[in-house]
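**Q** I am attaching a structure below and will ask some questions about it afterwards.
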Amino acid sequence: MNGTVNGQPLLSVTDLRVGFATQRGLVRAVDGVSFDLFAGKTLGIVGESGSGKSVTAKTLMNLLPSYARVEGSVMFDGRDVRELAAQKEKHFWGVEMTMIFQDPMTSLNPVKKVGEQIAESLRVHLGRSRKEARDEAGDLLETVGIPEARKRLSQYPHELSGGLRQRVVIAMALACSPRLLIADEPTTALDVTVQKHILDLLDELREERGMAMILITHDLGVVKGRTDDIMVMYAGRTMEQADTATLFSTMRHPYTEALLETIPRIDMPSHTRLVPIPGRPPDLIDIAPGCPFAPRCRYSVDACVVECPSLEGHGTAHVCACHKPVGTEAGIAARAANEQQGTTPTGLDMGLFEGAGSRSGTGAGN
Amino acid sequence: MIRFLARRLVALFAVLLAVTALAFGSLNVLGDPLFNVVGFIASVDCDAVLAGEIEDISGQTAGGRGDCEVIQAARKEHRLDRALPVRYVLWLGDIVRGDFGTSFKNEMPVRQVLADKLPKSILLMTVAEVIGIVIAVPWAIVAAYRANRRFDRASTVTSFGLLAVPNFAMGIILFYFFVVRWQIFPSRFEDTDLAARLKSMVLPGLTLGLPLAATYQRLLRTDLITTLQEDFIQMARAKGMTDRWVMFRHALRPSLFSLVTVFGISTAGLIGGALVVEQIFSIPGIGRAVVEAVIRDDFPIVLGSVVVIATGFVVINFFVDIIYSLIDPRVRRDD
Ligand SMILES: Nc1ncnc2c1ncn2[C@@H]1O[C@H](COP(=O)(O)OP(=O)(O)OP(=O)(O)O)[C@@H](O)[C@H]1O
Ligand SMILES: [Mg+2]
């Protein structure tokens, strides 16, 4: 998907499907997701709560509960990741590929010293002695910018602030110099000021080490200018996928547009209303045949409810699953018709969007 | 940590004072200590006898003062002429010096009775707790590792089964098979050497220990399942730690709270259970001694046992508090 890099991608995910057999039925949490990630590159996965971002990440990390049904292929540097999982490969996760989680308050073991938690990877995977591991752990804490790093080694997580804890988590993840780091909303639980520090730190470390990264967030603002590519997910599917610049300049999917309207932008007139996307994501058990976003979409036409759009190309490496893409003639016409009607074919009240920082008419360049 | 321990110790002594005061007070107020010492003549109105208004009941002694002399001597000896709080303090002083008084019935020093009976009961309870823990911990770990799978379901049924059987029934069943039928274990407590003592404790220990194992297994399994869903467990897995490592190095310790708490509390229940079990397996322990003393109104023995048992309970729970702080550093905070 990134045209400039040749050769094999580091991570190649093809038609990934994940279902959970629950008492209510099969929850289709991820439904046909594909992407490639090249060494040293970053991919942002963006979507509302429940769109399947974490499940995608956990599938890659082999962290799903045993009742999960996984289909599709995940290749890491030519190795079949699901095969590795079946063989209980010991030195892959945590070594080649690792993950950090949303809440640093809960991702550290409360009863173990910080130093031990970092050192254990070094001991288990790299066979370091107790002392070597401890020294290296200290170095890692320094790397992630923790003051008085040596002293922290013998502290417990509850003695550290949230920002410091997330740094410890990052140090833990970096211990074995992984080639891919998956960061699942690494800053959502932190103060706004701390958020930026952590994101910058991740960028910096990634750059230094030539590590690839998947940055998961529900906030388009977080990935803007930070990732090489972006995949927008909704109801377990890919809605739109492009390199970051293209996505922000010529977004095609109404869902992407709606997501963007939920975050404040500097170029907005000062009193622009921020519009939460009306409605809720669909139930993932009985998925209706049409586009999952249709009931909440300003661009929807009758066809959207009947037939699910497939991912189609819009120029190089830009794909979007929509019958009436934003900024195309068809899209502009569909929205205009709905505005005239006052409601969409799915019964969505267009009045909800009045005064919103809409971008549809402008087409936002090409 | 020092401050934490100091605070715990102060609490420990406060609880001990309260428990001893309650035990001493209730036995003195609810029962009639004088009656327990001298028998029915306790009801003689000595003031009237001394004033020559009435005769005492037996009237054998010259001057007709025999009963009253006995009563007065008893009053003095047992300090019944003093106010209750004063008696309590003096009694507490005796206890601290190791003087538990003498049995009303056979004039044996209570201390000697306790020294004879107590070790057997302590051995029984220790064996029971060890059996409980040793069975429960691996059992809970295996069950939680594959929660809601076949083994776990079977263990749920088994543990509820064990809990549903009353102590005496379990004891009698074990006794019947292992003593009467197969004659593997002795029918009564054999006090010859440690091996014999331990062997005599196997069945009584199982009788008390199996239900304990079931309780502990339930608690630890549930806590383990909860812990295994925590983010830090996912994080440890994401670091590539094996299931075994995650279970033993990450999940087990933070899951021990309920187990440890109930371990502390269960010692009280064990004392009750010991009464029955000592009876079935003919162990001359403190349980039987207390039952006999209560039946015979042997006031000093009852009080002495209560004090020792309560102290044991409080001390065990003091250690439970310390174990908490070893499990979780957050408990140690000095605030
Ligand atoms: N273990 C599970 N069993 C059943 N359903 C699950 C399980 N894990 C996730 N799901 C379902 O899968 C869907 C996607 O969940 P996921 O956690 O991937 O969302 P997300 O995009 O990460 O959202 P958030 O922003 O809230 O983290 C949700 O509807 C969720 O209820
Ligand atoms: Mg998530």
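The values are calculated or read from the model by the stated rules, or taken from the named source; none is laboratory data. Remember, it's a predicted structure, so these values are computed and weren't measured experimentally. Glycine gets a Cβ as well: all are built from the backbone with ideal geometry, and neighbour counts include every protein chain shown. Calculation scope for accessible area: heavy atoms of the full protein, side chains included, ligands and nucleic acids excluded. Shrake-Rupley method; radii C 1.70, N 1.55, O 1.52, S 1.80 Å.
**Q** Being open to solvent by 40 Å² or more (accessible area, probe 1.4 Å), away from every other protein chain (no Cβ under 14 Å), away from ligand 2 (no atom under 16 Å from the Cβ) and within 25 Å of A:D243 (Cβ to Cβ), is that true of even one residue in segment A:22-33?
**A** No; the residues of segment A:22-33 include none that is open to solvent by 40 Å² or more (accessible area, probe 1.4 Å), away from every other protein chain (no Cβ under 14 Å), away from ligand 2 (no atom under 16 Å from the Cβ) and within 25 Å of A:D243 (Cβ to Cβ).
**Q** I'm checking my understanding of the structure. Among residues of segment A:132-186 that are charged (D, E, K, R) and within 13 Å of another protein chain (Cβ to nearest Cβ), which one is farthest from A:E204 (Cα to Cα)? Outline the logic, then answer.
**A** So the first thing to find is which residues in segment A:132-186 are charged (D, E, K, R), and the list is A:132, A:134-136, A:139, A:142, A:148, A:150-152, A:159, A:165, A:167, A:179, A:184-185.
Pick out the ones that are also within 13 Å of another protein chain (Cβ to nearest Cβ) and you get A:159, A:165, A:184-185.
Numbers: A:E159: 26, A:R165: 18, A:D184: 18, A:E185: 17 Å.
The extreme case among them is A:E159.
**Q** Scan segment B:138-171 residue by residue and report those that are of a type in the set (D, E, K, R) and open to solvent by 30 Å² or more (accessible area, probe 1.4 Å).
**A** Filtering segment B:138-171 down to residues of a type in the set (D, E, K, R) leaves B:146, B:149-150, B:152-153.
Hits for segment B:138-171 are B:R146, B:R149, B:R150, B:R153.
**Q** Separate question: Search segment B:235-253 for residues being touching a residue at least 40 places away in the same chain (Cβ under 8 Å) and of a type in the set (D, E, K, R), and hand back the single one that is most open to solvent (accessible area, probe 1.4 Å).
**A** If we take residues in segment B:235-253 being touching a residue at least 40 places away in the same chain (Cβ under 8 Å) and of a type in the set (D, E, K, R), then B:R253 is most open to solvent (accessible area, probe 1.4 Å).
**Q** Among the residues of segment A:37-60, write down those that are more than 14 Å from chain B (Cβ to nearest Cβ) and away from ligand 2 (no atom under 13 Å from the Cβ).
**A** A:L37, A:F38, A:A39, A:G40, A:K41, A:T42, A:L43, A:G44 - these are the residues of segment A:37-60 that are more than 14 Å from chain B (Cβ to nearest Cβ) and away from ligand 2 (no atom under 13 Å from the Cβ).
**Q** Okay, next question. Looking only at segment B:297-314, count every residue that is open to solvent by less than 60 Å² (accessible area, probe 1.4 Å) and within 11 Å of the chain's Cα centre (by Cα) and tell me the total.
**A** Total meeting the criteria: 9.
**Q** Ok, one more. Which condition number does A:S107 fail, the rest of (1) within 15 Å of ligand 1 (Cβ to nearest atom); (2) open to solvent by 10 Å² or more (accessible area, probe 1.4 Å); (3) assigned to a loop (DSSP other than H, G, I, E, B) being met?
**A** (2)
**Q** When you scan segment B:196-234, how many residues do you find that are farther than 25 Å from B:I265 by Cβ and over 24 Å from the mean Cα position of the chain (by Cα)?
**A** Looking only at that region, the number is 7.
**Q** Being assigned to a helix (DSSP H, G or I), surrounded by fewer than 22 Cβ atoms within 10 Å (Cβ to Cβ) and away from chain A (no Cβ under 14 Å) narrows it down to one of B:R288, B:R330, so name that one.
**A** Working: B:R330 fails: away from chain A (no Cβ under 14 Å).
Residue meeting the stated conditions: B:R288.
**Q** Six or more apart or on different chains, Cβ atoms under 8 Å: show the pairs whose first residue is in segment A:141-166 and farther than 19 Å from A:F101 by Cα and whose second is open to solvent by 30 Å² or more (accessible area, probe 1.4 Å) and acidic (D, E).
**A** Every condition considered, the pairs that remain are A:A149/A:D139; A:A149/A:E142.
**Q** Identify the residue in segment A:187-209 that is of a type in the set (V, I, T), crowded, with 16+ Cβ neighbours inside 10 Å and away from ligand 2 (no atom under 16 Å from the Cβ) and, among all such residues, is farthest from the other protein chains (Cβ to nearest Cβ).
**A** Filtering segment A:187-209 down to residues of a type in the set (V, I, T) leaves A:187-188, A:192-194, A:198.
Going one step further and asking which of them are crowded, with 16+ Cβ neighbours inside 10 Å, we end up with A:187, A:194, A:198.
Narrowing further to those that are away from ligand 2 (no atom under 16 Å from the Cβ): A:194, A:198.
Numbers: A:V194: 18, A:I198: 16 Å.
Per the stated criteria, the residue is A:V194.
**Q** Is it fair to say A:L220 is at negative phi, touching a residue at least 60 places away in the same chain (Cβ under 8 Å) and of a type in the set (A, V, I, L, M)?
**A** On the way: at negative phi: yes; touching a residue at least 60 places away in the same chain (Cβ under 8 Å): yes; of a type in the set (A, V, I, L, M): yes.
Taking the combined requirement at face value, the residue satisfies it.
**Q** Give A:G221, A:G313, A:G236 a once-over and let me know the one that is open to solvent by 50 Å² or more (accessible area, probe 1.4 Å) and within 22 Å of the chain's Cα centre (by Cα).
**A** Working: A:G221 fails: open to solvent by 50 Å² or more (accessible area, probe 1.4 Å); A:G236 fails: open to solvent by 50 Å² or more (accessible area, probe 1.4 Å).
Within the list A:G221, A:G313, A:G236, the selection yields A:G313.
**Q** Evaluate the following for B:L206: is it touching a residue at least 40 places away in the same chain (Cβ under 8 Å), of a type outside the set (S, T, N, Q) and over 19 Å from B:I172 (Cα atoms)?
**A** For B:L206, the condition - touching a residue at least 40 places away in the same chain (Cβ under 8 Å), of a type outside the set (S, T, N, Q) and over 19 Å from B:I172 (Cα atoms) - is not met.
**Q** Hey, another quick one. Test of understanding: among A:M97, A:M75, which residue is surrounded by fewer than 19 Cβ atoms within 10 Å (Cβ to Cβ), more than 30 Å from B:Y324 (Cα to Cα) and either under 25 Å from the mean Cα position of the chain (by Cα) or more than 16 Å from ligand 1 (Cβ to nearest atom) (or both)? Walk me through how you get there before you give the answer.
**A** Values: A:M97 fails: surrounded by fewer than 19 Cβ atoms within 10 Å (Cβ to Cβ).
One residue alone meets the criteria, A:M75.
**Q** Another one. Which of the helices (runs of 4 or more DSSP H) contained wholly in segment B:164-257 include at least 3 residues that are within 10 Å of chain A (Cβ to nearest Cβ) and under 30 Å from A:L63 (Cβ atoms)?
**A** On the way: elements: B:167-174, B:194-228, B:231-238.
It comes to B:231-238.
**Q** Another one. Could you check how many residues of segment B:153-207 are under 20 Å from B:S121 (Cα atoms) and either aromatic (F, W, Y) or touching a strand residue (DSSP E or B) at 6+ places or on another chain (Cβ under 8 Å) (or both)?
**A** 4
**Q** Okay, moving on. Restricting to segment B:138-158, name every residue that is in a helix (DSSP H, G or I) and closer than 10 Å to B:R221 by Cβ.
**A** Narrowing segment B:138-158 to residues in a helix (DSSP H, G or I): B:138-145, B:150-158.
Answer for segment B:138-158, where residues must be in a helix (DSSP H, G or I) and closer than 10 Å to B:R221 by Cβ: B:W139, B:A140, B:I141, B:V142, B:A143, B:A144, B:Y145, B:D152, B:S155, B:T156.
**Q** Another question, if that's okay. Considering only segment A:61-95, state which residues are out of contact with any helix residue (DSSP H, G or I) (no Cβ under 7 Å at 6 or more places or on another chain), in a helix (DSSP H, G or I) and either within 16 Å of ligand 2 (Cβ to nearest atom) or within 14 Å of another protein chain (Cβ to nearest Cβ) (or both).
**A** Across segment A:61-95, the qualifying residues are A:L84, A:A85.
**Q** Can you name the number of the only condition in (1) of a type outside the set (G, A, S); (2) within 14 Å of chain B (Cβ to nearest Cβ); (3) not in a loop (DSSP other than H, G, I, E, B) that A:Q102 fails?
**A** Here A:Q102 clears every test but (3).
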